[in-house]
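Structure record follows, encoded as structure tokens.
The values are calculated or read from the model by the stated rules, or taken from the named source; none is laboratory data. Only a predicted model underlies this, so the values are computations on that prediction, with no experimental measurement involved. Every residue, glycine as well, gets a Cβ built from its backbone with ideal geometry; the counts of neighbours run over all protein chains shown. When the accessible area is computed, the model is the full protein with side chains, heavy atoms only, and any ligands, DNA or RNA have been set aside. Shrake-Rupley method; radii C 1.70, N 1.55, O 1.52, S 1.80 Å.
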Amino acid sequence: MLDNLGNLERSHTCGELRAANVGEQVVLMGWVANRRDFGNLIFVDLRDRDGITQVVFELMAFTEMVQETLISADGQIEFFTEIYDKAESLRNEFVIAVSGTIVARKENSVNAKLKTGSIEVIATELRILNDAKTLPFELEVAGLQNLASEDTRLKYRYLDLRRSQLQNNIRMRSKAVTRIREFMDALDFVEIETPILLKSTPEGARDFIVPSRIHTGKFFALPQSPQILKQITMIAGFDKYYQIARCFRDEDLRADRQPEFTQLDVEMSFANQETVYRIIEGFFRHVFKLIDVELPEQFPRMTYAEALRRFGSDKPDLRFEMELQDLSETLKDTDLEPFKSVLKNGGEIKAIVVKGKADYSRKQTDDLQEFVKIYGAGGLGWMKLGVPIKANFKAENLFPNSYLTDLPNFREFAKKHLSAEEGDLVLIVAGKKSVVAASLGALRVEIARRENLIDKNAYKPLLVTEFPMFEYNDQTGNYDAAHHPFTSPMDEDLETFKRAIENESERDLLGQVRAKAYDAVINGYECAGGSIRIHQKEIQALNFKALGLSIEKARERFGFFLDALEFGTPPHGGFAAGIERTCMILCGTENIRDVMAFPKTASAQDLMMDSPGAVDNSQLNELGIKIVE
RNA sequence: GGGAUUGAAGCACAAAGGCUGUGCGUCCGAUUGUCUAUCGGAAAGGUGCGAGUUCGAUUCUCGUCAGUCCCGCCA
């Protein structure tokens, strides 16, 4: 029934034949994407990784297209019963090999939708290399409104991956990684592999842990990132390190987050921020050429503080405006609640102006109200600068002196303090600074999405600099490392840093210390992050103290690293870039699963292989592990 | 840990407190210029699972499972 491949070899892929190939004998192999049966004439769309080529099977060779080649010299019509019967038995996703002649299609039967649409293959031999069951879902059909649901497609991931979109994405990713290697190699970086089996350090994200059989009761941990090891390659004198490194974090998933992911991990000796920025910029510039996008030689820069102030986010999407505007000063004497008490408690009042959207309905603003509540905002103030002006708060309380007392004066207020015009919608959030930033920053992005304000062809990179060194932890009352515990404070803030540590009463100064830490942001995605590290043990010791980590604890966790730091550590720094997030932008998708061959679901399962799974008791016994119910 | 949302034939989707249905796919037949073709016919089989309300639930309620998105989390 099925044929053997035998010694047949493929001559072309299904995407490369053109009018110039007319007359050639070719051998194509691939999958049957579609079959159109006309009784004595069958068209098969043959698909491989490269594209689709139309193959023609005729019972009798008498069309004008093939006259010259297939009708015998004496004018006898040739019948091709055997091959034709075979062609009739073809079904979607059968794997076949076709030998045949390339002919030009007549002008009126050219298919402009196909790269190969000007030609077709008249089959002279057909080998059915494998059959296929009817697929559990359709791959790609013209007019198909919706793909099968994602869980079905994830279960049959190998089928979903046949779709051209995923094929293209995974190929793009491969090209990107190749380009990265080219780029790093040309700059004399050394690719060094670091262990996957590491030691757990209870900092940061949850570790995935791996039990040791030989050392019963002890565990390895998978790397959250090769941070310490890459720093050690600097101490080891490699000067420039890189790795395409798999990282593992046992945290909840998001549209752009999976428990395992890949980073370009880079570290350089004798480098300051500028040195690293040049590599980051160069790397992204090089990779984005894959999609014919020329990123600027120097990325725009913005401090963390400025990003938060203007955009309410440390990863602002610069493809659209709608910046946050501060009304705290303007309204400092207001009597209007809750603005008044917010200001009294050290909070702030900020607003965004949505151009031309004064016609938002009550339902729409209610929707937005609910949206900001997700981020902890108490509510959303709004002013619709239409005719008449509408607002969900009263003007007479807004200004204590009441030189503005009626509604039309909102117009002047909005014009003067927010540059808002007739027809605009003003949205206001008041509250704790962090809540205002989070809610209004998210609202800014949400509205841009809803209102289609984002140019899909724009690519806006940004370097966000001067990240804070520490984050206050409400739960423990301590300051945690905002980046990681080896990040260097900024030289300018070194005095503050020391004072905060030496005087218990000035501990809160830690919140003001800035780090030599930075992110690269593209289109609102954090695509890379890094820092200059501490290379002197005194500063490192101070930092542990700031983090509330005793010398003993620090030694227990990073003793080997502290030792290493004492043997002549060069100044060094680096970054890690998210391969998936970068590829998401290159591929124009908003979902990380679209750039990973075998992703997991939002609940961290693999539906294809059904992992994670149980293990045999014998395995557990060998590891000395008991499952507690 | 929490919130939102979805779950009906192989796939997608409409509908409605009482009968479910449509498109695609599948199968059979016809068909020599289609491009996911056209025409005719057929099969298949059901509202994730459990409980409750009800004369009656796919619809309402609760729980649970699964997908997606988000908050928390992600040094």
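Would you say A:Val32 is hydrophobic (A, V, I, L, M, F, W, C) and either away from RNA strand B (no atom under 13 Å from the Cβ) or surrounded by fewer than 15 Cβ atoms within 10 Å (Cβ to Cβ) (or both)?
Details: hydrophobic (A, V, I, L, M, F, W, C): yes; either away from RNA strand B (no atom under 13 Å from the Cβ) or surrounded by fewer than 15 Cβ atoms within 10 Å (Cβ to Cβ) (or both): no.
The answer is no for A:Val32.
Given the condition within 15 Å of RNA strand B (Cβ to nearest atom), without any contact (Cβ under 8 Å) to a residue 40 or more places away in the chain and open to solvent by less than 10 Å² (accessible area, probe 1.4 Å), answer yes or no: does some residue in segment A:222-235 qualify?
yes
Give the residue that is farthest from A:Asn272 (Cα to Cα), with candidates limited to residues of segment A:494-503 that are out of contact with any Asp or Glu (no Cβ under 8 Å at 6 or more places or on another chain) and open to solvent by less than 30 Å² (accessible area, probe 1.4 Å). Steps first, answer last, please.
Within segment A:494-503, the first condition is being out of contact with any Asp or Glu (no Cβ under 8 Å at 6 or more places or on another chain), and the residues that meet it are A:494-498, A:501-503.
Within this subset, residues satisfying the condition of being open to solvent by less than 30 Å² (accessible area, probe 1.4 Å) are A:497, A:501.
On the way: A:Phe497: 20, A:Ile501: 25 Å.
The extreme case among them is A:Ile501.
Please verify whether segment A:186-202 includes one or more residues that are out of contact with any strand residue (DSSP E or B) (no Cβ under 6 Å at 6 or more places or on another chain), closer than 24 Å to A:Leu462 by Cβ and away from RNA strand B (no atom under 16 Å from the Cβ).
yes
Per-residue answers, yes or no, for (1) outside the structural domain of A:Arg49 (by TED's automatic domain parsing); (2) over 30 Å from the mean Cα position of the chain (by Cα); (3) surrounded by 14 or more Cβ atoms within 10 Å (Cβ to Cβ):
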position: A:Val110; (1), (2), (3): no, yes, yes
position: A:Thr116; (1), (2), (3): no, yes, yes
position: A:Val121; (1), (2), (3): no, yes, yes
position: A:Thr124; (1), (2), (3): no, yes, yes
position: A:Pro136; (1), (2), (3): yes, no, no
position: A:Glu140; (1), (2), (3): yes, no, no
position: A:Asn146; (1), (2), (3): yes, no, no
position: A:Glu150; (1), (2), (3): yes, no, yes
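Quick check on my filter: what residues within segment A:236-255 are open to solvent by 40 Å² or more (accessible area, probe 1.4 Å) and within 24 Å of the chain's Cα centre (by Cα)? Before you say what the answer is, go through the steps one by one.
Step one: of segment A:236-255, the residues open to solvent by 40 Å² or more (accessible area, probe 1.4 Å) are A:236-240, A:246, A:249-252, A:254-255.
Result: A:Arg246, A:Arg249, A:Asp250, A:Glu251, A:Asp252, A:Arg254, A:Ala255.
Test A:Ala515 against the stated conditions and say whether it is within 20 Å of the chain's Cα centre (by Cα) and either at pLDDT 95 or above or open to solvent by 40 Å² or more (accessible area, probe 1.4 Å) (or both). Can you show your working first?
Working: within 20 Å of the chain's Cα centre (by Cα): no; either at pLDDT 95 or above or open to solvent by 40 Å² or more (accessible area, probe 1.4 Å) (or both): yes.
So A:Ala515 fails the test.
A:Lys433 passes all but one of (1) touching a strand residue (DSSP E or B) at 6+ places or on another chain (Cβ under 6 Å); (2) open to solvent by 70 Å² or more (accessible area, probe 1.4 Å); (3) over 20 Å from A:Phe339 (Cβ atoms); which number fails?
It fails just one condition, (3).
Please work out if A:Leu129 is aliphatic (A, V, I, L, M), within 16 Å of RNA strand B (Cβ to nearest atom) and either open to solvent by less than 50 Å² (accessible area, probe 1.4 Å) or assigned by TED's automatic domain parsing to the domain that holds A:Glu93 (or both). I'd like the intermediate steps shown before the answer.
Values: aliphatic (A, V, I, L, M): yes; within 16 Å of RNA strand B (Cβ to nearest atom): no; either open to solvent by less than 50 Å² (accessible area, probe 1.4 Å) or assigned by TED's automatic domain parsing to the domain that holds A:Glu93 (or both): yes.
Answer is no for this residue.
Name the single residue that is nearest to RNA strand B (Cβ to nearest atom) among those in segment A:85-103 being more than 14 Å from A:Ala123 (Cα to Cα) and touching a residue at least 60 places away in the same chain (Cβ under 8 Å).
A:Asn92
For every residue, the table says whether it meets (1) among the basic types (Lys, Arg); (2) surrounded by 14 or more Cβ atoms within 10 Å (Cβ to Cβ); (3) near RNA strand B (Cβ under 7 Å from one of its atoms).
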site	(1), (2), (3)
A:Thr13	no, yes, no
A:Ala20	no, no, no
A:Asp48	no, yes, no
A:Thr53	no, yes, no
A:Phe57	no, yes, no
A:Met60	no, yes, yes
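Scan the helices (runs of 4 or more DSSP H) fully inside segment A:525-629 and keep the ones with 2 or more residues being touching a residue at least 12 places away in the same chain (Cβ under 8 Å) and charged (D, E, K, R). Let's see the steps before the verdict.
On the way: elements: A:537-546, A:551-565, A:579-587, A:617-623.
Output list reads A:537-546, A:579-587.
Taking the options A:Phe399, A:Phe393, A:Phe410, name whichever one is modelled with pLDDT under 95, open to solvent by less than 70 Å² (accessible area, probe 1.4 Å) and outside any loop (DSSP other than H, G, I, E, B).
Numbers: A:Phe399 fails: outside any loop (DSSP other than H, G, I, E, B); A:Phe393 fails: outside any loop (DSSP other than H, G, I, E, B).
Going through A:Phe399, A:Phe393, A:Phe410 in turn, just one is modelled with pLDDT under 95, open to solvent by less than 70 Å² (accessible area, probe 1.4 Å) and outside any loop (DSSP other than H, G, I, E, B): A:Phe410.
Hey, any hits in segment A:203-215 for a residue that's touching a Gly at 6+ places or on another chain (Cβ under 8 Å), touching a residue at least 24 places away in the same chain (Cβ under 8 Å) and farther than 28 Å from A:Leu549 by Cα?
Scanning segment A:203-215 turns up no residue that is touching a Gly at 6+ places or on another chain (Cβ under 8 Å), touching a residue at least 24 places away in the same chain (Cβ under 8 Å) and farther than 28 Å from A:Leu549 by Cα.
The rows are residues; the columns are (1) within 14 Å of RNA strand B (Cβ to nearest atom); (2) modelled with pLDDT of 95 or more; (3) open to solvent by less than 30 Å² (accessible area, probe 1.4 Å); (4) part of a helix (DSSP H, G or I).
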position: A:Leu427; (1), (2), (3), (4): no, yes, yes, no
position: A:Ala438; (1), (2), (3), (4): yes, yes, no, yes
position: A:Asp480; (1), (2), (3), (4): yes, no, no, no
position: A:Glu492; (1), (2), (3), (4): no, yes, no, yes
position: A:Ser505; (1), (2), (3), (4): no, no, no, yes
